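Heads up: the structure comes next, in structure tokens.
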Amino acid sequence: MTPQSHFTVVAPLAAGREGGLRELLDTMNSAPGMADPGNAMLPFGAFERLHFARLVLLGDPTLADVEAYGFRPPQAPLYLAFMGDCDGPARRMLADLSQRAEAGLRQIFAHCEGFDAHGDLLTWMLAHDTPVAANYVNWVGRSVLQIRQESALQRVLSAKVVRRPLASGAEAQAARRGLITFVEAEKQAGRLALAPPERTPSGWRIAKFANLVIVPLAGLIALPVLIVLLPWLVYLLRTRETSDPEICPRPQAEALQALQDLEDRDVSNQYTAIGSLKPGRFRRWLLSLLLVLVDYACRHVFTRGRLARVQTIHFARWVFLDDKRRVMFASNYDGGHQAYMDDFINKVGWGLNLLFSNGLGWPRTRWLILGGARIEQSFKRYQRRHQIPTQVWYKAYPGLALVDLKRNQRIREGLERERMSDAQALAWLRLL
Amino acid sequence: MKAQTPMHEIDRDDIQGLLRSGYGHHTEACFLLLRIKDREAARAWLAAAPVTSAAMVERPVGTDASIQPEPLPETVLQLALSSAGLRALGIADDVIEGFAEEFVSGMDGDANRARRLGDVGASAPERWQWGAGQRVPHVLVLLYALPGHLDPWRRTIEQQCMAGFDTLACLQTADSLDREPFGFRDGISQPKIDWERQRPARDDAQLAYSNLSCLGEFVLGYPNEYGGYTDRPLLDAQRDTQATLPRAEDAPDQADLGRNGSYLVLRQLQQDVRGFWTFLDGAAGGDTDQRERFAAAMVGRTLQGVPLVAATKASDAAASSADLNAFTYQSDPQGLRCPLGAHIRRANPRNADLPAGTRGIISRLIRTLGFDEEALQQDLVASTRFHRLLRRGRKYGAATLAESLAGPPGAPVGLHFICLGANLARQFEFVQDAWLTGTKFDGLTAESDPQLGTRIPAPDGTPTDGYSIPQPDGSDRRITGLPRFVTVLGGGYFFLPGIRALRYLAAAH
Ligand code: HEM
């Protein structure tokens, strides 16, 4: 199995370079916000291990919201973020990128502060690769290659299968055997390929196991302290929850339009949002702790096609910025924005509250999980207002949604199964 | 914003009758699309326009035969305004911006909306007969009449409007209501609105599908399914010194311009009736029974309206709407009786907030956290209760299927689709986009709504012109190469105001 990893290169822009960079980024697109996979600057399509990638200017329209607490808005730099999700180690991906797209990447990063045109590109990118506080992968181990090959398999089989009622289980078995023979022949002829899974790297396995053990251990050690402090923590939480200001005005019409211009050009969409934490150490620690737990859950529990009840997110990540004063959230999801938000509210409103209620201005929560995102209109205004346009977005398998990936995977598994009962053979045929 | 009791009596004199009734007895109807040419004259007419209220069309309910029902009004007028209309009337920008974004920018307003609604290719707003650019109606006047009364009624109203308005178009409708142009019985399923406000205004999970919707899903100013109030313009009291407007339930010191109003979506959907039946005839190899079975599979009901999923229970073609609606798809998760992609299954999947499972808190927790693999397979579709539409459309062109098949090819036949709702984005746009136009609805692929689909391949080239009919004993039966049966000729978003709000708008400067 090939584990997935991610990179998040974040660097502040040099003064006066924003306009030029925006223009440059636009040249990489074939439609607004949609990367041309073969663009000359950074031909994403040439990198076969790259699932998703984006280049986004992290302008934050909500910096002034801290005024609600009587603080002056901080000076925050305008960052450029280059993010991606890939098969295998991110380091290898970045090395690959810096080798095969060196000129383009240099041209992009030349807009950043302190970029040394003569220095080593890879070293610079690694130095700016920001740690991710929590990361989610829809299906750990499913590689781009696998996705593409299984999609080709599905198309061929679905065109080939004979669509008529089968009189018996034996007929279903025969139909399946026929398709297996057919696929073998196609493979021989070089028209289809189904690469066997790669060996799971032992380093990754060990790291995963260590994480599996260490986090609960640390929790166990901290537990007595937490129990003692609990009443006080609850008091801190509740006093804040009842007094923290809600800041959910309507987003500006032009800002909303700029976001929508980029959306719904594929069956999947991107989402990037940014915002400040509520001031004070309490929220900072609470969010840090919760993100450790979410990351843990994503690593060990939600690794097979779902994040709690949500089955439409390909990849997602939470990243702290500016010494944990701000957070960025980025995701790739299936369907339209409205459907995404409704899923959020109706399926994981509690989970959203857990994390985002530590963000400045979030609709009022009760006991950390109730209310908040369920206050539909405030929530919808809030998330749109914190969303920022993603200038360049790449997806390696346009047209395919997670429901496709999952079904295609089941088709392939069924094809490679030694033996099936009659009922299983029929169920398998019904997938086609 | 959370709901605040006390419960207020609903002012039926303030609500336009269309929210209560589809005017089934008023078989004649036409819809006037007007543009304001003289603001003062337009205001004067709006200030006094004879709008029919819910109270005027209410028949007393109950069994007391001694109470003579009030006779139905012979003629009815309902009135709605677009955001362009509000601007043309001179309503302040900050008031207009209190309405939903979709309403403010308009149906034709943006390429992203067109992509989502499937208004592309032959249905693109640039090609519309009305509803885009300079042809956006300012005011929509819906006229209904008992048989034989429409013509004089229409003349009267046109006479009254002449000074203030230009007529952009007058959309005619056919007199027979029960069958839509493809020949299916229509108007069977509607949400039941909780007019009595019996459902508490609370944010509670609903574990079973119910046809009862909170009042605030369809009427602005009341709590919706989340127990909250949908955004609408709330005005400082000094902007309404005459107290023309009702006060907001959730903000009692503010005047509620939305209260007792709703949004109205109008789309002119041209139907290629001959194309529909010719195609199905070909797919069925000329077998007429098979042709009808295919057609039923695409809608999810037989021509007579019997739902496929419950065909055995409600097989009586004369069954009442209630009988024809007493079903969900829970017993047919694979779509073996009613295909997953059938029009009525897409438009109203009849599911609950959580996929079905055993009772009990543990089971519920497991499903909430997404640990029940089987439940997850049934969890691809959003919870229905947030996405209901109150349909009020009328067909136009030939009155019967036989007539439209016999008529000249290309004769205009179709549906003036109308639906009402308090939240355009979450109701109409969501249903049209995610459920009808979406190619991945409930795990399907390479197909959108069998009747409404644009058939335009996805940007990556994947076709969308298929239709799958799941089979118990083999792979799905697949119809491919569906042509386009429905083309959008025009459309718009309107605000159907409460009558006090209408008078306020007519007077506001
Ligand atoms: C020319 C276009 C259309 C035709 C011919 C058509 C036809 C039908 C028919 C025959 C029914 C079954 C009757 C019933 O359940 O009442 C139905 C139901 C329905 N349609 Fe359409 N329709 C069209 C467009 C639309 C559009 C554009 C929408 C929404 C955006 C829509 C939403 C619905 C809904 C919500 C139902 C009720 C489903 C239920 O509650 O079970 N339809 N339609």
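The values are calculated or read from the model by the stated rules, or taken from the named source; none is laboratory data. As the structure is a computational prediction, the values presented were derived from the model and not from experiment. Glycine also receives a Cβ, built like all others from the backbone with ideal geometry; neighbour counts cover every protein chain displayed. These accessible areas exclude ligands, DNA and RNA; they are computed on the full protein's heavy atoms, side chains included. Shrake-Rupley method; radii C 1.70, N 1.55, O 1.52, S 1.80 Å.
At a glance:
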| quantity | calculated |
| --- | --- |
| Residue with peak Gaussian network fluctuation, chain A [Cα springs, cutoff 10 Å], from A:R306, A:R364, A:R412 | A:R412 |
| Span from the the range B:167-230 Cα centroid across to the the range A:26-57 one, whole angstrom | 44 |
| Nearest 10 degrees, 0 to 90: helix A:90-100 Cα axis against chain A principal axis | 80 |
| Per-residue [θ]222 nm for chain A (sum of -39500 (n - 2.57) over DSSP H runs n ≥ 4, rounded to 500) | -15000 deg cm²/dmol |
| Global form of the protein assembly as shown, assessed from the alpha-carbon gyration tensor, a/c cut-off 1.5 | oblate |
| Largest to smallest accessible area among B:H416, A:H128 [probe 1.4 Å] | A:H128, B:H416 |
| Whole-Å distance, taken between Cα centres, linking the range A:367-432 and the range B:8-33 | 42 |
| Heavy atoms of A:W362: accessible area, 1.4 Å probe, square angstrom to 10 | 10 |
| Area accessible to solvent at B:T487, 1.4 Å probe radius, in Å² | 30 |
| Partners for A:K208 among lysines (Cα-Cα distance below 26 Å; same-chain residues under 8 apart left out) | A:K324, A:K406 |
| Sulfur and carbon atoms: percent of accessible area, chain A [1.4 Å] | 60 |
| Greater than 27 Å apart at Cα, pairs in A:K347/A:K395; A:K278/A:K380; A:K395/B:K440; A:K380/B:K395; B:K192/B:K395 | A:K380/B:K395 |
| Accessible area per residue in Å² at 1.4 Å probe, computed on the protein assembly as shown | 41 |
| Protein-protein interface of the range A:295-318, residues with accessible area decrease of at least 40 Å², isolated chain reference, 1.4 Å probe | A:R306, A:R309, A:Q311 |
| Sum of side-chain charges, A:F329 neighbourhood, beta-carbon under 13 Å (Lys, Arg +1; Asp, Glu -1) | +2 |
| Computed over chain B: relative contact order in percent, which uses C-alpha pairs under 8 Å that are six or more apart | 23 |
| Most to least accessible of A:F379, A:F209 (protein chains only, probe 1.4 Å) | A:F209, A:F379 |
| Neighbourhood net charge (11 Å Cβ-Cβ; Lys/Arg +1, Asp/Glu -1) for A:L307 | +3 |
| Share antiparallel - DSSP beta bridges, the protein assembly as shown, percent rounded to 5 | 95 |
| Chain A: most fluctuating residue of A:A253, A:A110, A:A81 per GNM, C-alpha cutoff 10 Å | A:A253 |
| Inter-centroid distance (Cα atoms) of the range A:109-145 relative to the range B:358-376, Å | 38 |
| Accessible surface, 1.4 Å probe, highest first, among residues B:E374, B:E102, A:E416 | B:E374, A:E416, B:E102 |
| Computed accessible area, B:M162, all protein chains, 1.4 angstrom probe, square angstrom | 110 |
| Test item: Cα-centred dipole of the protein assembly as shown, Lys/Arg +1 and Asp/Glu -1 on Cβ, debye | 2000 |
| Gyration tensor verdict on the range A:66-141 (Cα atoms; rounded if a/c is under 1.5, prolate if a/b is larger than b/c, oblate otherwise) | oblate |
| Chain pair B, A: total accessible area buried, heavy atoms, 1.4 Å probe, Å² | 4300 |
